[in-house]
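Colleague: Dropping the structure in here first, questions after.
The values are calculated or read from the model by the stated rules, or taken from the named source; none is laboratory data. Owing to the predicted nature of the structure, the values given are computational and were not obtained by experimental measurement. Here the Cβ positions follow ideal geometry from the backbone for every residue, glycine too, while neighbour counts run over all protein chains shown. Side chains included, ligands, DNA and RNA excluded: accessible areas come from the protein's heavy atoms. Shrake-Rupley method; radii C 1.70, N 1.55, O 1.52, S 1.80 Å.
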Number of protein chains: 2
Amino acid sequence: MIPTPYLLFLGDVPDQLAAKVAQGIKDWRPENAVGQFRMHGCGADVGVADMTLAEAKEAGAKTLVIGVANRGGVISEEWKAVIIEAINMGYDIASGLHNLLRNENDLQAEAKRAGTQLHDVRIPSVAYPIANGKKRVGKRMLAVGTDCSAGKMYTGLAVDAEMRERGMKSTFAPTGQTGILITGRGVPLDAVIADFMAGAVEWLTPDNDPDHWDIIEGQGSLFHVSYSGVTMALIHGGQPDALVLSHEPTRTHMRGLPDYSLPSLEELRDTVLPIARIVNPACQITGISINTQHLGDEEALRYCEETEARMGLPTVDPFRHGAGRLVDGLAAI
Amino acid sequence: MIPTPYLLFLGDVPDQLAAKVAQGIKDWRPENAVGQFRMHGCGADVGVADMTLAEAKEAGAKTLVIGVANRGGVISEEWKAVIIEAINMGYDIASGLHNLLRNENDLQAEAKRAGTQLHDVRIPSVAYPIANGKKRVGKRMLAVGTDCSAGKMYTGLAVDAEMRERGMKSTFAPTGQTGILITGRGVPLDAVIADFMAGAVEWLTPDNDPDHWDIIEGQGSLFHVSYSGVTMALIHGGQPDALVLSHEPTRTHMRGLPDYSLPSLEELRDTVLPIARIVNPACQITGISINTQHLGDEEALRYCEETEARMGLPTVDPFRHGAGRLVDGLAAI
């Protein structure tokens, strides 16, 4: 668990794109972001108040979150000066950078002296159990994609937000670094040791109220040969009651695999459902989420309508059309 | 790579069962075993010459292999005395024990001083790549089970042995600790980090001669919810041309999961083949291996015959009936 709320560190990144993580925190958990910290030359702005370390501390911030991607995989001396100042003011530091905070001897030493924590969210901090497959109380949803990066995290966050707006009991259960930084908890599933993957997902989504939904963040794709094992463990550890199929219609091949074409939504449905029913015989596919970012408004709507007619399932782009119809489908089971 | 040949350390284990790894080496790679080292009170004997450390060294042994399971998860002082003597004579030490050699400070220090290696085969020693899914030259076989521990490793070793006896080009590709100790190489797949599982299998079975077979050791089961992600990565990383279905007919539930019944061989076939064809559209199921250890001779034969008639695939227990008919099936594709 990363202590919230956060001060969002944007550093000196050149543009908005590099601040994706900070933007995600602001969009999905605004209550977690008391402000942003920008250095000279910073080209990003996520739309919260600019604050100094002292001002944010005063406003209640507990953790400085590195909400940006850095260049060249190095934590610069300029960044370090700020991070060390924050540590000495009692901030925890959280980061999803490839180069780990804990591998920087000076940061490690300062944090030890100050008694604060460095949270490298790419690295598991828990000894997860081996999955036992026992049926858990409560409901669980998982988005599964025809490919990686098809909009599964966005779908989950949008469903969770819509459920909570309706007064339903819902928890977003992150399985990747961005989701973990947004919510302050989760499992970095791609970094878990093989034998413990499904157990980590069980650990993340334990027994809960019968009418509570865990909205589990999807990863990879059963059809993506680099990561399909991770997806499999998510399905069998998550024992979802409901699956939402996710698809990005303009892809010409699987992400990073030029020799592999995407499966159809029918192929995904026919492959994933028997696999999910091994662990939860009642599992259903309740909707389809289309990532229409590369389509025009009308084209996007038409694609969703055609898909809905073809597949017989509520089909929306939750970013464009809202997640309401996906939640209707979930509320019905 | 663990330097071969070995001296097999049996220690003071009470019975033959505890010496399964050493027995596997003797059975499958007798050329790797120059002798066995037994301590006072040892109740195991794998049928090779008893030797002192010095005698085995003289006979060419390069590595002392801990070929037994220890009690209570502790490396005893008695064992340590032998291991340290071996290190000082220039032996590498190899072990699949849960408690790692490298975590014993005295062994670590002695090995460093002597310039020899400690091989903990449960822990990956390679930075595996992420799988790229590129089609590789050569042929690959993988055994997939209705459950864990259904005889997949035995099937692979028997097929490999039969192929080499026929003069076919074959390499057994171990993915678990016993197989790694038997052959001296391999990937401890259950200990690999999630993102690199499929890449580790690609690394293990690279391009080879068009008529060469990699016989990949299977792990877990697509139907075993604790480990199905590992099995998935094996299929997609291995891109098998041929699958052999493995089954143990007397199981009443999935291993360690009392609430889960086993799938039928038909269910396994129908689930695994579309998954395997994502990465290799030409993949075929070429045979079935039945672990009949809990059946009488006649019962075993009848079970195989009935299964063969039902499934339309060559069906044998390779331990009882030999792997010849499985290899016939592979040679035909």
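Colleague: Considering every residue in A:249-261, what mean count of other chain Cβ atoms within 10 Å of its Cβ is obtained?
Modeller: Details: counts 0, 0, 0, 0, 0, 2, 0, 4, 5, 3, 4, 3, 0.
Averaged over the peptide's residues, the number is 2.
Colleague: Only protein chains counted, 1.4 angstrom probe. Which residues of the stretch A:91-138 are at least 20 Å² less accessible in the assembly than when their chain is isolated?
Modeller: When all protein chains are present, A:130, A:131, A:132, A:133 each give up 20 Å² or more of accessible surface.
Colleague: Compute the distance from the alpha-carbon center of the stretch B:149-220 to that of the stretch B:21-89, in whole Å.
Modeller: Result: 24 Å between the Cα centres.
Colleague: Something else about it: Give the peptides B:272-284, A:290-302, A:21-33 in descending order of average Cβ contacts within 10 Å, highest first.
Modeller: With the highest mean Cβ count within 10 Å placed first, the list reads A:21-33, B:272-284, A:290-302.
Colleague: Averaged per residue, what accessible area in Å² does the stretch B:177-299 show with a 1.4 Å probe, protein chains only?
Modeller: 32 Å²
Colleague: Turning to a different aspect of this structure: In whole percent, how big is the carbon plus sulfur part of the accessible area of the stretch B:8-77, probe 1.4 Å, protein atoms only?
Modeller: 55 percent
Colleague: What are the residues whose amide H is under 5 Å from the amide H of residue A:145, where those residues sit 5 or more places off or on another chain and H is modelled from the backbone?
Modeller: Those lying under 5 Å, H to H, from residue A:145 are A:222, A:246.
Colleague: Right, here's the next one. Collect residues whose amide H, placed 1.01 Å from N in the peptide plane, falls under 5 Å from the amide H of residue A:254; neighbours closer than 5 in sequence don't count.
Modeller: Residues meeting the criterion, in which the H sits 1.01 Å from N, are A:260, A:261, A:262.
Colleague: Separate question: Within a 10 angstrom radius of each residue's Cβ in B:272-281, how many Cβ atoms of other chains show up on average? Whole number is fine.
Modeller: 3
Colleague: Which number do you get for Rg(Cα) / (2.2 N^0.38 Å) in the stretch B:141-230?
Modeller: Relative to the 2.2 N^0.38 Å estimate, the stretch B:141-230 comes out at 1.06.
Colleague: Rounded to the nearest 500, what is the 222 nm mean residue ellipticity of chain A from helices alone, with -39500 (n - 2.57) per DSSP H run of 4+ residues and division by all residues?
Modeller: Mean residue ellipticity, 222 nm, calculated: -10500 deg cm²/dmol.
Colleague: What does the charge count around residue B:192 come to, taking other residues whose C-beta lies under 13 Å from its C-beta (Lys +1, Arg +1, Asp -1, Glu -1)?
Modeller: Residues near residue B:192 contribute -4 overall.
Colleague: So what are the three principal axis dimensions of the protein assembly as shown from its Cα atoms, in whole Å, longest to shortest?
Modeller: For the protein assembly as shown, the Cα extents along the three principal axes come out at 78, 61, 46 Å.
Colleague: Once amide H atoms are built 1.01 Å from N in the peptide plane, which residues 5 or more positions from residue B:173, or in another chain, come under 5 Å H to H?
Modeller: B:215, B:216, B:217
Colleague: DSSP loop (so not H, G, I, E, B), at most 10 other Cβ within 10 Å: list which trypsin sites (Lys or Arg not before Pro) in the stretch B:133-178 pass both filters.
Modeller: Details: sites: B:134, B:135, B:136, B:139, B:140, B:152, B:164, B:166, B:169; in loops: B:134, B:135, B:136, B:166.
Listed in order of number, the matching sites are B:135.
Colleague: If you take each beta carbon of peptide B:187-195 and count the beta carbons of other chains within 10 angstrom, what is the mean?
Modeller: Working: counts 0, 2, 3, 5, 4, 4, 7, 17, 11.
Other-chain Cβ atoms within 10 Å of each residue's Cβ, averaged: 6.
Colleague: Using a 1.4 Å probe and counting only protein heavy atoms, how much accessible surface gets buried when B and A come together, both sides summed, in Å² to the nearest 100?
Modeller: Numbers: alone 14510 and 14530 Å², together 26460 Å².
Counting protein atoms only, the buried area is about 2600 Å².
Colleague: Moving on to the next point. Hey, what's the stretch A:22-128 come to in accessible area per residue, 1.4 Å probe, Å²?
Modeller: Per residue, the stretch A:22-128 has an accessible area of 48 Å².
Colleague: Measuring label to label, 7 Å along Cα→Cβ, what does residue B:105 give against each other copy in nm, shortest first?
Modeller: For residue B:105, the other copies' label points sit at 2.2 nm, shortest first.
Colleague: Which distances, in nm and shortest first, link the residue A:45 label point to the same label point in every other copy, taking 7 Å along Cα→Cβ?
Modeller: So the label point of residue A:45 gives 8.6 nm to the other copies.
Colleague: Another question, if that's okay. Regarding chain A, what's the average projected area of the Cα-atom convex hull, expressed in nm²?
Modeller: Working: hull surface 68.7 nm².
Mean projected area for chain A: 17.2 nm², to one decimal.
Colleague: Step through the residues of the stretch B:213-229 one at a time and calculate ³J(HN,Hα) from phi using the Karplus curve (6.51 cos²θ - 1.76 cosθ + 1.60, θ = phi - 60°), rounding each to whole Hz and writing x for Gly and Pro.
Modeller: Computed from phi, the couplings for the stretch B:213-229 are 10, 8, 9, 7, 5, x, 9, x, 6, 4, 9, 9, 5, 6, 10, 4, x Hz.
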